[in-house]
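All remarks here apply to the structure that follows.
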Amino acid sequence: MDNRPIGVFDSGVGGLTAVKELRRLLPAETIVYFGDTGRVPYGNRGRDTIIKYARQIIRFLLQKDVKMIVAACGTVSSTLPEEVIRDLPVDYTGVVGPACRAAAERSRSGKIAVIGTTATIKSGAYQAELARLLPGARVTAKDCPLLAPLVENGQIERDNPITRMAAEMYLKPIRDVDTLILGCTHYPVIYDLIADVAGEGVELVNSGLEVAKFVKAHLTERELLSDGKNGGGCSYYVTDAVENFWNTAQRYMKISVAGDVSYVDPETL
């Protein structure tokens with residue numbers, strides 16, 4: 001047993017999709033969440049900048065004595081070098097592996113699509129992992145640079161004309177697939193909208209849910225689960241206005257964060 005918290009981070013609010021599932025699957029666990037809301041989005045930034053930000057946040061989470069770090073961010077997950085991960089003193093996972101394993105298991109035809117930020121798609125991480133897991137798979141990858149910012153700005157209603165138009169623009173070229181990986185943890189927030197646009201017969205893989213399942217299995221296997229004596233709970237840290245994060249979490253994620261959000265000046269990271 002290990003009562004230390006799980007550290008989770010994302011470029012903004014998208015990682016809350018993973019937190020929501022972690023709290024459902026592992027209610028006894030304590031979670032420390034870091035949302036880099038002052039520097040979002042990551043998807044249009046250069047590789048070196050993404051790695052720099054990820055290192056800063058990981059260092060912050062390690063200071064909170066976490067037992068595991070979860071990069072609930074498709075951009076970081078597909079960009080962070082293996083040598084950085086190897087040097088960490090605690091276990092780590094991103095979303096790429098769990099999401100790809102779920103897609104490989106569920107796809108009937110081996111025709112899989114993945115959507116994500118520009119940096120994620122350019123990295124080729126999802127494509128490489130799917131090729132490893134499912135040799136011969138036909139993978140279509142499409143970057144969707146507008147979707148994460150739309151979610152961050154609350155444009156998430158199923159009938160939202162702006163977000164629907166953007167989704168249609170990105171998904172229109174994707175044809176003849178049976179599985180679609182939501183390669184950014186912001187995208188599950190608009191799951192129903194994307195499902196409508198993708199059409200019947202296309203199964204969506206929620207990267208936030210899949211990484212939460214992986215964390216539960218990983219901690220169980222290594223006997224690192226909390227004994228529940230701390231009662232679980234979550235604390236949140238953000239690099240922009242606390243009120244904005246509070247409103248977004250409450251209104252769109254249906255997560256109550258009242259009194260649990262603290263501001264961190266990114267210059268101090």
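Less than 5 angstrom separates the built amide H of ILE31 from those of ILE6, GLY233, CYS234, SER235, all sequence-distant by 5 or more or on a different chain. Among ASP192, ASP178, ASP48, the residue with the largest mean-square fluctuation in a Gaussian network model of the chain, with springs joining Cα atoms closer than 10 Å, is ASP48.
For the range 112-179, applying the loop criterion from DSSP together with a ceiling of 15 other beta carbons within 10 Å to the trypsin sites (Lys or Arg not before Pro) yields ARG158, ARG175. Averaging the Cα positions of each part gives two centres, and for the range 126-204 and the range 89-105 these lie 18 Å apart.
Note on the chain: dipole from Cβ charges, positive end direction compared against MET165, PHE34, THR248; the farthest Cα belongs to MET165.
First select every other residue whose beta carbon is under 13 angstrom from the beta carbon of ARG24; then total the charges, Lys and Arg +1, Asp and Glu -1. Overall, the nearby charge balance is +3.
For the range 1-67, what does the alpha-carbon gyration tensor say about shape, rounded, prolate or oblate, given a ≥ b ≥ c as the root eigenvalues, a/c under 1.5 as rounded, and a/b over b/c as prolate?
On the way: a/c = 3.17, a/b = 1.62, b/c = 1.95.
The shape class here is oblate.
Going by accessible surface with a 1.4 Å probe and the largest first, LYS67, LYS254, LYS229 read LYS229, LYS254, LYS67.
Scanning the chain for GluC sites (Glu not before Pro) that sit in a DSSP loop and have at most 15 other Cβ atoms within 10 Å, the longest stretch containing none of them is 1-156. Each semi-axis of the equivalent ellipsoid for the range 187-269 is √(5λ) with λ an eigenvalue of the Cα gyration tensor; in descending order they amount to 27, 24, 13 Å.
Give, rounded to the nearest 20 debye, the magnitude of the charge dipole that the chain has about its Cα centre when Lys and Arg contribute +1 at Cβ and Asp and Glu contribute -1 at Cβ. Can you show the working numbers first?
Numbers: 31 positive and 33 negative charges, 81 e Å.
That gives a dipole near 380 debye.
Counting lysine pairs in the chain whose alpha carbons fall under 19 angstrom apart, excluding pairs fewer than 8 residues apart on the same chain, gives 14. For ASP65, the solvent-accessible surface computed with a 1.4 Å probe is close to 80 Å², ligands and nucleic acids excluded. Compactness check for the chain: Cα Rg over 2.2 N^0.38 Å is 0.95.
The values are calculated or read from the model by the stated rules, or taken from the named source; none is laboratory data. These figures come from a predicted structure and were not determined experimentally. Here the Cβ is made from the backbone with ideal geometry for all residues, glycine too, and neighbour counts use every protein chain on show. Accessible surface areas use protein heavy atoms only, side chains included; no ligands, DNA or RNA. Shrake-Rupley method; radii C 1.70, N 1.55, O 1.52, S 1.80 Å.
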